[in-house]
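Here is the structure we will look at.
The values are calculated or read from the model by the stated rules, or taken from the named source; none is laboratory data. The structure presented is a predicted model; accordingly, all values stated were derived computationally and were not measured. Cβ atoms come from the backbone with ideal geometry, glycine included; neighbour counts cover every protein chain shown. Protein only, heavy atoms only, side chains kept; ligands, DNA and RNA dropped before computing areas. Shrake-Rupley method; radii C 1.70, N 1.55, O 1.52, S 1.80 Å.
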Amino acid sequence: MSASEHSLLSTYREMLLEHLFAGEVMRHVWLSGIKRLEILKPQVDDGGYDLVLEAASIVRHVQLKATFQGSTVDRFTINTALSQKPSGCVICLLFDPGTLHIGPFLWFGGPPGERLPTLQQYRVGKQTRGNAQGKKGERLAIRIVPRSAFEQLNTIADLAGRLFGSVAAKI
């Protein structure tokens, strides 16, 4: 797929990557012995998360990001509403643009049961378009978090361990 196709069809690609991610996590959780993973999707995406994952009584609100492997993207926007959710986290899927295989992953979050690390020290986001005077207003609910604040996790097993703790990191 060409770069322009990735851009023009980004919404479709985003949904495809979300499904691939959910399937990979579900497979890992199943093989680890938990067998049951609930995946919920909000009707409206203003809560700061794209999916809710629950396994072994651990609930994670997950904001998903995606960028291709080798991308020079050095920051991500995070909705502050996510910090109000128990066990909120942000996962960036690094994917191969030729095969759409996902991994490694970038992780921003705390252990199961803990809230998202504070976002207060990060810059407030700006509107993408200016007003009539060309001024771009602030988006008070958005913070710009540098890629360096994320931890790289190489495998789905590493990621499942961050999501659900030792109960999912068995394999």
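Name every residue in region 50-84 that is open to solvent by 40 Å² or more (accessible area, probe 1.4 Å) and under 18 Å from GLU114 (Cα atoms), in order of residue number.
From region 50-84, those open to solvent by 40 Å² or more (accessible area, probe 1.4 Å) are 54, 56-57, 59, 65-66, 68-70, 72-75, 77, 84; that's our starting set.
Matches in region 50-84: GLU54, ALA56, SER57, VAL59, GLN84.
Run down ARG129, ARG115, ARG139 and say which single residue is in contact with a Pro (Cβ under 8 Å, 6 or more places away or on another chain) and either farther than 30 Å from LEU159 by Cα or open to solvent by 40 Å² or more (accessible area, probe 1.4 Å) (or both). Even if it seems obvious, please write down each step before you answer.
Values: ARG129 fails: in contact with a Pro (Cβ under 8 Å, 6 or more places away or on another chain); ARG139 fails: in contact with a Pro (Cβ under 8 Å, 6 or more places away or on another chain).
Just one listed residue meets the conditions, ARG115.
With region 40-157 as the region, which strands (runs of 3 or more DSSP E) entirely inside it contain at least 1 residues that are within 25 Å of ALA22 (Cα to Cα)? Spell out how you get there, then give the answer.
Numbers: elements: 51-55, 58-68, 75-79, 89-95, 102-109, 123-126, 138-146, 151-153.
Hits in region 40-157: 51-55, 58-68, 75-79, 89-95, 102-109, 138-146, 151-153.
Taking SER87 as the residue in question, decide whether it is surrounded by fewer than 19 Cβ atoms within 10 Å (Cβ to Cβ) and either of a type in the set (S, T, N, Q) or farther than 25 Å from TYR12 by Cα (or both).
Working: surrounded by fewer than 19 Cβ atoms within 10 Å (Cβ to Cβ): no; either of a type in the set (S, T, N, Q) or farther than 25 Å from TYR12 by Cα (or both): yes.
No; evaluated as a whole, the condition is false for this residue.
Among the residues of region 14-26, how many are open to solvent by less than 40 Å² (accessible area, probe 1.4 Å) and without any contact (Cβ under 8 Å) to a residue 60 or more places away in the chain? Let's see the steps before the verdict.
Going residue by residue through region 14-26, those that are open to solvent by less than 40 Å² (accessible area, probe 1.4 Å) are 17-18, 21-23, 25.
Now drop any that are not without any contact (Cβ under 8 Å) to a residue 60 or more places away in the chain, which leaves 18, 22-23.
Residues flagged as open to solvent by less than 40 Å² (accessible area, probe 1.4 Å) and without any contact (Cβ under 8 Å) to a residue 60 or more places away in the chain within region 14-26 amount to 3.
Name the residue that is most open to solvent (accessible area, probe 1.4 Å), counting only residues in region 27-49 that are at pLDDT below 95 and among the aliphatic types (A, V, I, L, M).
Per the criteria, the residue is LEU31.
May I ask you to verify whether GLU54 is more than 18 Å from ASP158 (Cα to Cα) and of a type outside the set (Phe, Trp, Tyr)? Explain how you work it out, then say what you get.
Numbers: more than 18 Å from ASP158 (Cα to Cα): no; of a type outside the set (Phe, Trp, Tyr): yes.
Judged against the criteria, GLU54 is not a match.
Being over 25 Å from the mean Cα position of the chain (by Cα) and within 19 Å of ALA81 (Cβ to Cβ) is the filter here; which residues of region 120-138 pass it?
GLY137
Failed condition for ARG123, given (1) of a type in the set (D, E, K, R); (2) farther than 27 Å from THR11 by Cβ; (3) surrounded by 12 or more Cβ atoms within 10 Å (Cβ to Cβ), with all others met?
Unmet condition: (2).
Does region 46-58 include one or more residues that are closer than 24 Å to THR99 by Cα and of a type outside the set (Lys, Arg)?
As a first pass, look at region 46-58 and keep what is closer than 24 Å to THR99 by Cα: 50-51.
Then drop every residue that is not of a type outside the set (Lys, Arg), which leaves 50-51.
Checked against the condition, which is being closer than 24 Å to THR99 by Cα and of a type outside the set (Lys, Arg), region 46-58 yields at least one hit.
Restrict the check to region 127-139 and report whether at least one residue is in contact with a strand residue (DSSP E or B) (Cβ under 7 Å, 6 or more places away or on another chain), at pLDDT 95 or above, over 15 Å from GLY88 (Cβ atoms) and polar (S, T, N, Q).
No, the conditions are met nowhere in region 127-139.
Find the residue count for region 53-83, including only residues that are closer than 21 Å to GLU38 by Cα and either of a type in the set (A, V, I, L, M) or more than 15 Å from the chain's Cα centre (by Cα) (or both).
Of the residues in that region, 10 qualify.
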